[in-house]
1. Just need a number here: residues in the stretch 173-189 that are in a loop (DSSP other than H, G, I, E, B) and more than 12 Å from I227 (Cα to Cα).
2. L23 fails exactly one of the following numbered conditions: (1) over 21 Å from A188 (Cα atoms); (2) surrounded by 22 or more Cβ atoms within 10 Å (Cβ to Cβ). What is the number of that condition?
3. Of all residues in the stretch 32-46, which are of a type in the set (A, V, I, L, M, F, W, C) and farther than 12 Å from E237 by Cα?
4. Those residues that are over 27 Å from R75 (Cα atoms), surrounded by 21 or more Cβ atoms within 10 Å (Cβ to Cβ) and not polar (S, T, N, Q), I need them from the stretch 120-144; list them, please.
5. Evaluate the following for A174: is it surrounded by 21 or more Cβ atoms within 10 Å (Cβ to Cβ) and touching a residue at least 24 places away in the same chain (Cβ under 8 Å)?
6. Which residue out of L95, L99 is modelled with pLDDT of 95 or more, in contact with a strand residue (DSSP E or B) (Cβ under 8 Å, 6 or more places away or on another chain) and farther than 30 Å from A146 by Cα?
7. Quick check on my filter: what residues within the stretch 236-266 are of a type outside the set (D, E, K, R) and under 19 Å from the mean Cα position of the chain (by Cα)?
Amino acid sequence: MTTSAVTADGRARMLADGNRIPLLGLGVWQIPDGRPCIDAVTWALELGYRHIDTAQSYGNEESVGTALRASGVPRDQVFITTKFFPGNRDPVAALEQSLRRLQVDHVDLYLVHWPQGGATWAWPGMQRAHDLGQARSVGVSNFSVAQLGEVTALGGTPPAANQVQFSALHYRRALLDDCERRGIALEAYSPLGTGRHLGNATVRKMAEQLGRSPAPVLLRWCVQRGIPVIPKSTHRERIAENADIFSFQLSDPQMAELDALDETGGTDRALEHRWW
């Protein structure tokens, strides 16, 4: 279990480049631009979230920026992630557009959203965005062990993070181990399996024993390993429920019981089937 990079308060993790990423974030994938996204981000910030994860391909960066500005939360207290859409050619030019939509002068983390066209071609542009101060940290998403090896072999600024589908039922141990060996923080998207994992019998039984709902149990499994999680919701009560992960701990036997739910065989791949 890798927790050495977790901050003393247990709510954040130090990236290899010295930046600090909150362990709990709000993901806004599939949340429509406009009122639904503005509301979700507003509620999250009101409830204490300080990490918002969006992407160029989501089409809702403008709403994230609107909610952030209206919240009154100082910019330096919110960790903002966006992702480079690899259908474009220039990560720097694409990020300049994102910054305008987000109404900020930098993002905290900028990721290559997926390795379309190969693992390495976009990385020099990502490094330029970092050097220009447009992105405090840069990383990748949906990259396998082999693809991480290709990127790190380029030299220069290495990826600070690799955001992948990860949960107790998608426990990609070989990928996690490789990320940790390279000093790359693995981030978990779809930590609830887009809701599918909430009905798992083992998860439900453990939640009942703990007096919790299934979602916080699954999220706690990640953060107890020092893995940032970005659950998505458009419901205030669920956003609040998902924040209830720092008030309890799972025992070693409970962690092992959840470990055993893995359906990936401990793979070093980021996805079972690519979509591009």
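1. Step one: filter the stretch 173-189 for residues in a loop (DSSP other than H, G, I, E, B), giving 183-184.
Filter once more, keeping what is more than 12 Å from I227 (Cα to Cα): 183.
Selection size over the stretch 173-189: 1.
2. (1)
3. At the first step, the residues of the stretch 32-46 found to be of a type in the set (A, V, I, L, M, F, W, C) are 37-38, 40-41, 43-45.
The answer is C37, I38, V41, L45.
4. Step one: list which residues in the stretch 120-144 are over 27 Å from R75 (Cα atoms), which gives 120-122, 124, 142-144.
From what's left, surrounded by 21 or more Cβ atoms within 10 Å (Cβ to Cβ): 122, 142-144.
Within the stretch 120-144, A122, F143 meet the criteria.
5. Working: surrounded by 21 or more Cβ atoms within 10 Å (Cβ to Cβ): no; touching a residue at least 24 places away in the same chain (Cβ under 8 Å): yes.
So A174 does not fit the description; no.
6. On the way: L95 fails: farther than 30 Å from A146 by Cα.
On inspection, the qualifying residue turns out to be L99.
7. Within the stretch 236-266, the first condition is being of a type outside the set (D, E, K, R), and the residues that meet it are 239-240, 242-243, 245-251, 253-256, 258, 260-261, 264-266.
Correct list: I239, A240, N242, A243, I245, F246.
Yes/no per residue for (1) within 17 Å of the chain's Cα centre (by Cα); (2) surrounded by fewer than 19 Cβ atoms within 10 Å (Cβ to Cβ); (3) within 20 Å of P231 (Cβ to Cβ):
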| position | (1), (2), (3) |
| --- | --- |
| A8 | no, yes, no |
| G18 | no, yes, no |
| W43 | no, no, yes |
| A55 | yes, no, yes |
| V64 | yes, no, yes |
| L95 | no, no, no |
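The values are calculated or read from the model by the stated rules, or taken from the named source; none is laboratory data. For clarity, every value in this text was computed on a predicted model and none was experimentally measured. Here the Cβ is made from the backbone with ideal geometry for all residues, glycine too, and neighbour counts use every protein chain on show.
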